[in-house]
Amino acid sequence: MITANKPISLQIWGFEMYSYSDFDDSFVRARVAQFTQQVERRLDGSLTEEEFRPLRLMNGLYLQLHAYMLRVAIPYGTISPHQMRQLAYIADTYDKGYGHFTTRQNIQFNWPKLPDVPAILSALADVEMHAIQTSGNCVRNVTADHFAGAAADEIEDPRPYAELLRQWSTDHPEFQFLPRKFKIAITGSPNDRAVTRAHDIGLRMVKNAAGESGFEVMVGGGLGRTPMIAHTVRDFLPVADLLPYVEAVLSVYNTLGRRDNKYKARIKITVHETGKEEISRMIEERFAELRPLFGGHDQELLEDIRAAFAPPAFRNAPVDAYDAFYKADPVFRSWADTNLAAHRNDQYAIVTISVKAHGQTPGDASSDQMRLMADLAERYGHGDLRISHEQNVILPHVHKSDLPAVHAALAQVGLATANVGLISDIIACPGMDYCALATARSIPIATQIAERFKALDLEHEVGPLKIKISGCINACGHHHVGHIGILGLDRAGVENYQITLGGDGSETAAIGDKTGPGFAYDEIVPAVERIVRAYLTVRAAPQESFLETFRRLGMDPFKAALYDTESAQDAA
Amino acid sequence: MSRRFTPKVVTANRLREGDVVYLTADDQWSLFHHEAELIDDEAHAQIRLLFASSQKLAVVGPYLADAKQGQNGPEPVHFREAFRTRGPSNYDHGKQADFPADLGV
Ligand code: HEM
Ligand code: SF4
């Protein structure tokens, strides 16, 4: 931790993701040893479940519907090929040969057995990973743009700031007992791929008139039971002011946040109840007190961290082979058009590997697929892999001349689906197929929608459209910010699905509006199809996206498509 | 039978494996819903739940779930409990894969 008046030599955590310090390693090993004993004591009866439960949750171990589940953190979604192979090994040895990538840039194993968990944690520690959730009411893992350090539109790699925030907040004495958990997301690009406006604090890098970098600071976003879009409390925060400003936000929240009611404890409610102007004023006031206490240690540390995030040694080579292949091969072209994003180096591309083959569970990768992705990252991707909150895997740095080979290799293992950003690139939480909190299933809804639109061969014509599905009000599937959001509920003992339209998780963030009454399990896919067909009918031009059409025309044409048909059918 | 009491089974997850299990009339934990004891008396249900809660080395999180008499024994009423008898719907994993014959799938 770095506090204003403590030298950085007193930091407790070191550089977890890019190179473990000896201290980190021994800390994680000690935690594994401790949890190993706790599991033994649970199994021999010296610990009750009441005593054990908080201990296992601290180590990322949940009990779900059919089995235990282990959640492993992937900080800022950045993972090495070596680590990816170890996840594949764990999947094969202790699970059913696959893992589930989540919207929190984590991986979950759905079938571990309690006596095996210590061995799994130890295998993770071997590759500098862990399942320690920064659980409790503290600052959680900072999430970042999955294109960080690669995107053409990026001002600066946001991960050094994320790491700085992580080190500062870890074990910060003042912020271990906040009113509720606290999540920060950060992007270095004007185009927001990190859903910053749905976090407790969102940080979006911008430039001021003088061309200097800073952050737009947004406070009070969140999904769940009471979805809210964050308010901007500062249009431009100089980067050097980041820690004192974030500390000021936390300090104000720590004082004002409600501790009497769990459902009103998040900062979004504090902002809502206090008012945007008043809370901004309080933050600025506190910031003025805190700023002088930060003597510059944080900036020195940031420099060290930056060095560790230095970009790879990009190759300088012709891209003609790519251009020729792009012209010649329509399958490759279709994949390149949807799954590639612009890299800051124009000889390079960012590859999004779709973990959303039609009919497959969104975000599930087999151990063979994990190993192949690791190999590709090593061979063609400067050894870098990312997990996106959209449950896909990214190769952030691929030279364009290597793309045909990468595509061919992906196709061998079912990872070359050309659907990124399209209707079948769906976010879905585990829902009632796994999650004990669920009120309905979400995975089969996602797979059926994907298969339906594949059968219709419509998705490329429909264009960019984000569907997001949650199996209960906790909104782990981000349904509120889906262009089409689907929330699974239990209505009188039957699965029922509520639709929202117009949600948006980008820099133009919005919470979707409910269309009206929900739909039964076997009615939801036809309902989505009616929405999409209505869009195709009413869009002004093929270039007008679903979201743009919705913003232009509002709910009416979609409501008519959804419910008029219903009553027509009922009458028939 | 007490008035308007919905019959129940006692269900939980096994401590070591996490498998869904049901309490039988002879105090065993069965993997199969149809082998559960169907309890149609509220007071008896509480006694059985207390017994289950004392089985701290066998199971985690026991609770009473609504059930009804079926052809082969008790059947679940709610869809959540029906899923728990089988396993997830996206893969052939869990009991539906391990014991297809016993589940009639
Ligand atoms: C299966 C076990 C899971 C459980 C028990 C669980 C539970 C919860 C709960 C209780 C919340 C609400 C917390 C609050 O608002 O205070 C929550 C939020 C959230 N979960 Fe999960 N979750 C699970 C799986 C997942 C998965 C698989 C993902 C990613 C796909 C995920 C992503 C999220 C996100 C992004 C939020 C934050 C929504 C917000 O802003 O409030 N969760 N989860
Ligand atoms: S949204 Fe609900 S059902 Fe889905 S993972 Fe989160 S808690 Fe479980």
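The table below lists the values:
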{"read-out": "Chain A: relative contact order in percent, alpha carbon pairs under 8 Å with at least 6 residues between", "value": "13"}
{"read-out": "Estimated distance in nm for a label pair at A:ASN316 and A:GLU49, the labels positioned 7 Å out from Cα along Cα-to-Cβ", "value": "6.5"}
{"read-out": "Residue-span extension gain [A:GLU548 to A:TYR563] - 0.36 nm each, minus C-alpha spacing", "value": "3.2 nm"}
{"read-out": "Hits among lysines - C-alpha to C-alpha of B:LYS8 under 19 Å, sequence gap 8 or more where chains match", "value": "B:LYS68"}
{"read-out": "Spatially proximal aspartates and glutamates relative to B:LYS56 (Cα-Cα < 17 Å; intrachain offsets below 8 disregarded)", "value": "A:GLU40, A:ASP44, A:GLU49, A:GLU50, A:GLU51, B:GLU17, B:ASP19, B:ASP27"}
{"read-out": "Residue-count net charge about B:TYR91 - beta-carbon cut-off 10 Å; Lys, Arg +1, Asp, Glu -1", "value": "-2"}
{"read-out": "Vicinal HN-Hα couplings computed from phi for the stretch A:336-341 (Karplus, 6.51 cos²θ - 1.76 cosθ + 1.60; Hz; Gly/Pro x)", "value": "4, 5, 9, 9, 9, 10"}
{"read-out": "Local net charge near A:ASN392, Cβ-Cβ under 10 Å (Lys/Arg +1, Asp/Glu -1)", "value": "0"}
{"read-out": "Cβ-isolated cysteines (cut-off 4.7 Å), chain A", "value": "A:CYS138, A:CYS435, A:CYS472"}
{"read-out": "A:LYS96, A:LYS268 arranged by Cβ crowding within 10 Å, fewest neighbours leading", "value": "A:LYS96, A:LYS268"}
{"read-out": "Cross-link partners of A:LYS466 among lysines (Cα-Cα below 26 Å; sequence separation of 8 or more within a chain)", "value": "A:LYS183, A:LYS268, A:LYS356, A:LYS454, A:LYS514, A:LYS559"}
{"read-out": "Relative contact order %, the stretch A:118-181, counting alpha carbon pairs below 8 Å whose residues are six or more apart", "value": "40"}
{"read-out": "Expected-Rg normalisation [2.2 N^0.38 Å, Cα atoms] applied to the protein assembly as shown", "value": "0.98"}
{"read-out": "Cut-off 14 Å between beta-carbons: net charge of the residues surrounding A:THR274, Lys and Arg +1, Asp and Glu -1", "value": "+2"}
{"read-out": "Solution diffusion estimate, µm²/s, Stokes-Einstein, the stretch A:143-307, Kirkwood Rh from C-alpha pairs, 37 °C, viscosity 0.692 mPa s", "value": "205"}
{"read-out": "Relative contact order %, the stretch A:143-307, counting alpha carbon pairs below 8 Å whose residues are six or more apart", "value": "19"}
{"read-out": "Theoretical FRET efficiency, 1/(1+(r/R0)^6), r = Cβ-Cβ of A:ARG258 and A:GLU284, R0 25 Å, to 0.05", "value": "0.65"}
{"read-out": "Sites A:ASP522 and A:LYS181, calculated FRET efficiency, Cβ-Cβ separation with R0 35 Å, nearest 0.05", "value": "0.40"}
{"read-out": "Helix-only CD estimate at 222 nm, as mean residue ellipticity for chain A, using -39500 (n - 2.57) per DSSP H run (n ≥ 4)", "value": "-11500 deg cm²/dmol"}
{"read-out": "Label point distance in nm, A:ASP92-A:ALA342, each placed 7 Å from Cα along Cα→Cβ", "value": "4.1"}
{"read-out": "Shielding by partners - mean other protein chain Cβ count within 10 Å, residues of B:85-93", "value": "6"}
{"read-out": "Shielding by partners, peptide B:15-21 (average Cβ within 10 angstrom, other chains)", "value": "6"}
{"read-out": "Shielding of A:425-436 by partner chains, average beta-carbon count, 10 Å", "value": "2"}
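A short reminder: the numbers here are calculations on the coordinates, not readings from a lab. Remember, it's a predicted structure, so these values are computed and weren't measured experimentally. Neighbour counts run over all protein chains shown; Cβ positions are idealised from the backbone, glycine included.
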